[in-house]
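What follows is calculated from the coordinates using simple rules that are stated; it is not laboratory data. Remember, it's a predicted structure, so these values are computed and weren't measured experimentally. Note that we place each Cβ from the backbone using ideal geometry, even for glycine, and neighbour counts take in every protein chain shown.
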Amino acid sequence: MTFKTTLGTVIARRYRLLNKATGKTSTPSADAWNTPRQMTITRRLRNLVCDLARDESYRKAAKRVAYHAGEEDLLSPTSIMNILHEEGAAIGQATQRRVETSYQQFPEAEGVFAVASQAADAESKKEMDANETLDSLEVEDEVVSGTTGSAPAQLLRAM
């Protein structure tokens, strides 16, 4: 078993047991620690990867993690990306579970949030409509003032 940590790679010997009756093998330490059979990346290394990958490219994050651990090629840029995506998905699932739990504990909250969400959507639509109106006024202003530099003004003159 290989553990990828902030201090580098740690290899732990594990034993596989063969069940002679069924012919299946099992790894008791993998079952006890709830880890995969081949390799696991520690929580602390995952947190470090997420912190670094937010601010810089995956390649730079991989190099910084390797430098920090003192081990070249500790994680590849693809591994960095996969960790970031896995952690993002886990956050999304945890948020969804919290929302569902909240709605179960407080059923009236769902109606309140639905109304708030509709109000926010209406406000967003008003802002978009206002921006479109401003854009159309700017085009009309360019035509009236005789500005020839903008494409919308040239299109309106051609009509």
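Between ARG44 and GLN93, the contour length at 0.36 nm per residue exceeds the alpha carbon distance by 15.6 nm.
For the pair segment 41-76 / segment 1-25, the C-alpha centres are spaced 24 Å from each other. Would you mind counting up the charge near LYS63? Only other residues with Cβ under 11 Å from its Cβ, with Lys and Arg at +1 and Asp and Glu at -1. Around LYS63, the surrounding residues sum to 0.
Computed FRET efficiency, Cβ-Cβ of THR101 and ARG54, R0 30 Å: what is it to the nearest 0.05?
Numbers: r = 28 Å, r/R0 = 0.92.
Once rounded, the FRET efficiency stands at 0.60.
If you take the square roots of the eigenvalues of the alpha-carbon gyration tensor of segment 2-105 and sort them as a ≥ b ≥ c, do you get rounded (a/c under 1.5), prolate (a/b over b/c) or oblate? It comes out oblate by the Cα gyration axes.
Could you compute the FRET efficiency for ARG14 and ALA122, with r as their C-beta to C-beta distance and R0 at 41 Å, rounded to 0.05?
Working: r = 58 Å, r/R0 = 1.42.
With a Förster radius of 41 Å, E is 0.10.
Summing +1 for each Lys or Arg and -1 for each Asp or Glu, what net charge is found among the other residues whose Cβ lies under 10 Å from the Cβ of PRO28? Value of the local net charge: +1.
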